[in-house]
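A.B. asks: A single structure is presented below for examination.
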Amino acid sequence: MMTKSKLSQDEVGILILLAAILFGAWFRIMPAWLAGFPVNDGGMFYTMILDLQKNHFVLPLFTTYNQNAIPFAYPPLGFYIGAGVSDLLDIPPLDIIRWLPGILNALCVPAFYFLAKEVSNHKFQGALATLVFAMTPHLTSWLSMGGGLTRSLGMLFMLLALGNIHRVFAKNNRRSIWGAILFSGLTALSHTEAPIYLAAIAVYIWLMKSRTWTGLRDGASIALGTLAVAAPWYGSVIRRHGMTPFLSIAQTGAHSLDAVLKILNIDLLTEEPYLGILGALGVLGIAALIAKKDFFIPLMLPVIFLAQPRSGHVTGNIPLALAAGYWVTEIILPGLEKIVGGKKYAAFFAVLGIYLFANSMFYGLTLSTRHLSEPEKEAMQWVKQNTPNEGKFLVISGEQTAFCDLTNEWFPALTERQSLTTIQGSEWLLGDGFGKNTAQVQSLQGCIDEGLGCFENNSAQLRKPFDYVYISIASPTKNCKAAETSHATRGLITALENAGEYSVAYRSGNVVLFEKK
């Protein structure tokens with residue numbers, strides 16, 4: 001009876017892929033499980049799911065979030081899926097926002113393998129790239145947070161669309177046109193930025209892999225088919241709101257030289273808490289491919305940042321993981337084989353596996369602390385029950401990175417009151433004023449440990465009258481990092497207590513609410 005002495009490379013690749021899928025899923029879902037509440041953001045999307053359910057699944061004209069007449073112009077597929085699952089399985093919408101983003105993000109791992117296998121034309125290399133993609137900390141956070149409901153869905157369909165588009169342009173597989181149309185259309189219905197990246201990378205693939213009239217014709221077919229899939233929704237929004245919401249949000253992509261140059265900070269893409277090994281593997285892979293004069297993967301990274309810098313730190317992980325897979329397959333493992341022979345896989349993954357597990361575990365545990373505390377939820381419930389519906393609030397948490405300010409995001413959703421310091425949704429209204437408004441809010445947040453002068457000067461910059469000041473004493477983050485200092489009170493609380501024009505309406509160990517006299 002004959003037995004195999006060792007696994008083939010393809011068999012090892014299958015094991016690597018299974019590990020990537022299993023561990024990738026665990027680390028994408030674990031933070032929400034530990035938190036007991038949606039991680040970080042998602043308050044606006046929670047409200048939009050409720051709006052859709054209350055309107056019997058007919059798109060509302062506006063969302064009720066933050067009482068700000070925000071057009072219901074966000075790509076709606078994620079909200080329909082969330083609301084549908086909520087109704088069908090009798091799951092509270094808050095739990096949908098908590099769990100569904102991580103589940104959808106877990107599905108992105110096998111979807112990435114489909115793309116990686118197509119690009120590399122190598123199953124083992126594709127599996128290694130997928131392992132890097134699965135274990136990159138930044139991808140386990142940004143796409144799994146509450147707001148990841150649409151981000152993860154957009155990433156999922158974008159990866160599937162790109163795999164099919166690569167087949168069409170690089171391999172002249174015209175049967176994949178239908179898959180490209182379907183998944184491109186679903187991408188457009190899922191997220192605002194994913195279609196921009198998809199279009200830019202699709203054009204790039206044609207330029208690098210095709211440059212033929214046949215490919216151009218197939219690309220036109222994909223574009224027209226995508227438009228046909230997404231047109232009913234786009235048409236509905238334009239008919240009710242005109243082009244104003246789309247023109248407004250188009251001006252919030254952070255297009256600037258400084259934003260594009262962030263590509264040089266690979267740590268921004270991977271966000272590894274310890275050694276930046278995954279980022280280093282990607283950079284070395286890019287360098288090796290350039291030396292080989294194979295520019296397809298390396299140039300994809302600047303294409304992504306030039307197309308839309310604002311979320312390039314997320315989408316840029318696609319070429320980075322592809323390059324890392326190449327470096328490990330073509331450089332590291334052959335080098336190890338010369339040293340340890342047939343034990344190269346065991347030697348490499350014994351070291352890398354321990355690092356990846358420890359890295360992801362630490363990151364996931366830290367991420368799980370980024371959620372509203374029970375005292376914060378109790379305070380917001382008190383606001384909902386004891387303040388007038390038309391009351392206007394300044395919400396001060398001290399978190400100066402607006403997209404990590406979970407207190408401001410969740411305040412309008414849980415209190416059903418208007419927060420003048422919440423930026424979520426204003427990108428559909430303010431156009432090029434969005435950046436200025438965000439900067440003003442960030443400056444005001446910096447006053448949490450300052451005196452009355454800082455608060456009055458910066459609140460005046462908003463030019464919006466307010467009735468209440470809600471101060472969160474213990475925000476879990478500072479500049480998107482875990483807060484390292486605990487606070488019993490804040491300087492602004494003392495200043496407002498000593499000011500005659502404010503009175504304390506509510507106080508707990510975590511929140512103080514002042515009413516303006």
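Each value in this text was obtained by applying a stated rule to the coordinates, not by laboratory testing. Because the structure is predicted, anything quoted here is derived from the model rather than measured. We place every Cβ from the backbone using ideal geometry, glycine too, and count neighbours over all the protein chains shown.
A.B. asks: Give, to the nearest whole percent, the P(r) tail of region 119-195 beyond 22 angstrom, counting all Cα pairs.
C.D. replies: Tail of P(r) above 22 Å: 34 percent of Cα pairs.
A.B. asks: Same structure, new question: Find how much the distance from PHE349 to ALA223 grows on full extension, using 0.36 nm per residue of separation minus their present alpha carbon separation; answer in nm with one decimal. Each step should come with its number before you reach the end.
C.D. replies: On the way: separation 126, 0.36 × 126 = 45.36 nm, distance 4.22 nm.
So the extension gain works out to 41.1 nm.
A.B. asks: Among DSSP beta bridges whose residues both lie in the chain, state the antiparallel percentage, nearest 5. Could the numbers behind the result be given before it?
C.D. replies: On the way: 14 of 20 bridges.
Here the share of antiparallel DSSP bridges comes out near 70 percent.
A.B. asks: Could you check the simple spin-label distance between ALA460 and ASP90, using points 7 Å along Cα→Cβ, in nm with one decimal?
C.D. replies: 5.7
A.B. asks: Right, another one. With only alpha-carbon atoms in the gyration tensor, what are the semi-axes of the equivalent ellipsoid for region 374-516, in Å, largest first? Present the calculation step by step, with values, prior to reporting the outcome.
C.D. replies: On the way: eigenvalues 81, 60, 54 Å².
Value: 20, 17, 16 Å, ordered largest first.
A.B. asks: Label points 7 Å out from Cα along the Cβ direction at ARG507 and ALA287: separation in nm?
C.D. replies: It works out to 5.9 nm between the two label points.
A.B. asks: Here's something else I'd like to know. Take the residue pairs LYS392/LYS517; LYS392/LYS464; LYS6/LYS338; LYS436/LYS481; LYS123/LYS344; LYS123/LYS338 and return only those whose Cα atoms are more than 21 Å apart.
C.D. replies: Details: LYS392/LYS517 13 Å; LYS392/LYS464 9 Å; LYS6/LYS338 17 Å; LYS436/LYS481 23 Å; LYS123/LYS344 18 Å; LYS123/LYS338 23 Å.
The pairs that break the limit, which is 21 Å between Cα atoms, are LYS436/LYS481; LYS123/LYS338.
A.B. asks: What does the C-alpha gyration tensor say about the overall shape of region 1-103? Classify as rounded when a/c is under 1.5, otherwise prolate if a/b is larger than b/c, or oblate.
C.D. replies: Values: a/c = 3.38, a/b = 2.91, b/c = 1.16.
Verdict is prolate for region 1-103.
A.B. asks: Can you give the direction-averaged projected area of the convex hull of the alpha-carbon atoms in region 45-179, in nm²? Mind dumping the intermediate values first?
C.D. replies: Values: hull surface 38.9 nm².
With every direction weighted equally, the projected area is 9.7 nm².
A.B. asks: Here is a further query. At 0.36 nm per residue, and after removing the present C-alpha to C-alpha distance, how many nm does the segment from THR244 to LYS478 gain when stretched out fully? Write down the numbers at each step before the final one.
C.D. replies: Details: separation 234, 0.36 × 234 = 84.24 nm, distance 3.41 nm.
That pair, THR244 and LYS478, stretches by 80.8 nm at full extension.
A.B. asks: Take the Cα coordinates of region 335-435, assign each an equal point scatterer, and use the Debye formula without solvent to give log10 I(q)/I(0) at q = 0.13, 0.17, 0.22 Å⁻¹.
C.D. replies: Relative scattering, expressed as log10 I(q)/I(0), comes to -0.64, -0.86, -1.14.
A.B. asks: Would you list TYR197, TYR274 from fewest to most Cβ contacts within 10 Å?
C.D. replies: Sorted ascending by nearby Cβ count, the order is TYR274, TYR197.
A.B. asks: Under a crude label model (7 Å from the Cα following the beta-carbon direction), how far is LEU275 from THR489 in nanometres?
C.D. replies: Going from the LEU275 label point to the THR489 one covers 4.8 nm.
A.B. asks: Also: Please compute the Cα-Cα pair-distance distribution of the chain with 10 Å bins starting at 0, giving whole percents from short to long.
C.D. replies: Computed distribution, short to long bins: 4, 18, 27, 25, 15, 7, 3, 0, 0, 0.
A.B. asks: Okay, moving on. What whole-number distance in Å separates the alpha-carbon centres of region 430-455 and region 96-149?
C.D. replies: 35
A.B. asks: Relative to the present Cα-Cα distance, how much length would full extension add between PHE295 and MET208 at 0.36 nm per residue of separation?
C.D. replies: 30.4 nm
A.B. asks: Between region 1-60 and region 202-247, how many Å separate their Cα centres?
C.D. replies: With region 1-60 and region 202-247 each reduced to a Cα centre, they are spaced 28 Å.
A.B. asks: Next question, about the same structure. Relative contact order (percent) for the chain, with alpha-carbon contacts under 8 angstrom and 6 or more residues of separation?
C.D. replies: Working: 872 pairs, mean separation 83.9, N = 517.
Dividing the mean separation by the residue count of the chain yields 16 percent.
A.B. asks: Looking only at Cβ-Cβ distances, which cysteines of the chain have no other cysteine closer than 4.7 Å?
C.D. replies: When partners are defined as cysteine Cβ atoms under 4.7 Å apart, the chain leaves CYS108 without one.
A.B. asks: ILE103 to ALA499: FRET efficiency via 1/(1 + (r/R0)^6), r the Cβ-Cβ distance, R0 41 Å, to the nearest 0.05? Could you put the intermediate results ahead of the total?
C.D. replies: On the way: r = 48 Å, r/R0 = 1.17.
It comes out at approximately 0.30.
A.B. asks: What shape does region 354-408 have by the C-alpha gyration tensor, where a ≥ b ≥ c are the square roots of the eigenvalues, rounded means a/c under 1.5, and otherwise prolate means a/b greater than b/c and oblate the rest? Could the numbers behind the result be given before it?
C.D. replies: On the way: a/c = 5.31, a/b = 2.53, b/c = 2.10.
Cα axes put region 354-408 in the prolate bin.
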